[in-house]
Each structure stands twice: as structure tokens, then as C-alpha cells.
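Have a look at the structure below, then the notes.
The values are calculated or read from the model by the stated rules, or taken from the named source; none is laboratory data. No experiment lies behind these values; they were computed from the predicted model shown. Every residue, glycine as well, gets a Cβ built from its backbone with ideal geometry; the counts of neighbours run over all protein chains shown.
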Amino acid sequence: MRPGPALEAASPAEVTMSEMRDLELDPVVQELLASPTLMRLAYVGANLQPHVVPIWYRYAAGEFVVVTGPKADKVRHIAERPRVSFTIDSDRPPYKVLLVDGRAAIEPVEGMAPEYPEIVRKFLGPGADGYLGRMEGRVKRQVRIRIVPTSVRVLDFIKRTPMSLS
């Protein structure tokens, strides 16, 4: 077995759009991004300890977007330290894993973020309309967190395994 390929920028620069388009054609990546599998977003907190939160997301045009409330701890911490990492992975063998390091940008949004209903529908399926109906009129502000990848790695535990297992 050989290690999974990594798209790694020399510095924390962005992975190019061409590299992201190539990655989007990967069947493992396609399966993970199409599934309602949570992103596990890691950031550094005020105590300089890593924090990991499961969160819904959207992928489009080479970037990942999450939407959260303006009072969420992660908003303040990511604004102060924008380097983040996350994984989107399956829970059954053979495991499929998308590992991403990136730079995050915080964007306050008045009312509900336009992409939020699409994100909710992906993760809640038929229950999304009821959830969104309860949110309607209650959401005064949200925060969009855009994550631009600087490093991407894909594992499938068949052809692409962690380097430590090679």
C-alpha cells in the first residue's frame, strides 16, 4: 500500500483552483462531500489548546463554508487565529478520509446566511423544512466562516493509507 497523496502548499498559501478541481474528481472526495457526514473542525482556543467541533458545512468553488451563531466561541478564536484543520470521514471500513488544513475568514451576516438553508437540507434531509421554519424570523445574525485549503490529503485505506502504516 502506498501513502495517500497530499496537496501541500509550500507555505500557508492556498491550494490552487486547478488542484482543487482535480481533487473534486476523486471518487473518495466526491462520496464524502455528497454525504451528510459532519466536518470535524479544529481550531486553537484562547487557552492555546486545540478544540474540535462537529459542524455542518458546504463545499463550493474550492472553499468550505460553515455557518454559526455570532456568540459561538469558535468565531472569536478563529478570528484571532485563522489557521484551522478539519476532517470529513466515514465511520465504516474501508474508511474514507479527507484531511484539510486551511485559512479561515470570519464574515458577519445580517439575518440568515443565504447558503444556510442549503446546508441544513444536506444534513437534515426531510426534516430541514421544519427546522428552518422554526428558525425563520428568530435568526437576527449569523457568521459565515470561509475556509480556503492550504493542504489536502485523501485516504481510503485501500490504495491510500497513512504514511505511518507504510
In segment 2-42, anything modelled with pLDDT under 85, within 18 Å of Leu155 (Cβ to Cβ), small (Gly, Ala, Ser) and assigned to a loop (DSSP other than H, G, I, E, B) is listed as Gly4
Looking only at residues that are surrounded by fewer than 20 Cβ atoms within 10 Å (Cβ to Cβ) and β-branched (Val, Ile, Thr) in segment 135-151, which one is nearest to the chain's Cα centre (by Cα)? Val148
Kindly provide the set of residues from segment 58-82 that are closer than 26 Å to Leu132 by Cβ and either surrounded by fewer than 14 Cβ atoms within 10 Å (Cβ to Cβ) or among the polar types (S, T, N, Q) (or both), ordered by number. Ala60, Ala61, Thr68, Gly69, Pro70, Lys71, Asp73
For segment 115-131, indicate whether the set of residues that are part of a strand (DSSP E or B) and at pLDDT 95 or above is non-empty. no
Residues of segment 132-148 satisfying the condition of being among the charged types (D, E, K, R) and part of a loop (DSSP other than H, G, I, E, B): Glu136, Arg138, Lys140
When you scan segment 56-92, how many residues do you find that are touching a Ser or Thr at 6+ places or on another chain (Cβ under 7 Å), more than 19 Å from Glu31 (Cβ to Cβ) and not basic (Lys, Arg)? 1
For segment 152-162, does any single residue satisfy the condition of being within 28 Å of Glu14 (Cα to Cα), more than 20 Å from the chain's Cα centre (by Cα), hydroxyl-bearing (Ser, Thr, Tyr) and not in a loop (DSSP other than H, G, I, E, B)? yes
Consider only pairs whose beta carbons are under 7 Å apart and that are at least six residues apart or on different chains; among these, list those whose first residue lies in segment 73-94 and is of a type in the set (Ser, Thr, Tyr) and whose second residue is part of a loop (DSSP other than H, G, I, E, B). Ser90/Thr37; Ser90/Lys96
Across segment 19-53, what is the number of residues that are among the β-branched types (Val, Ile, Thr) and more than 17 Å from Ser90 (Cβ to Cβ)? 3
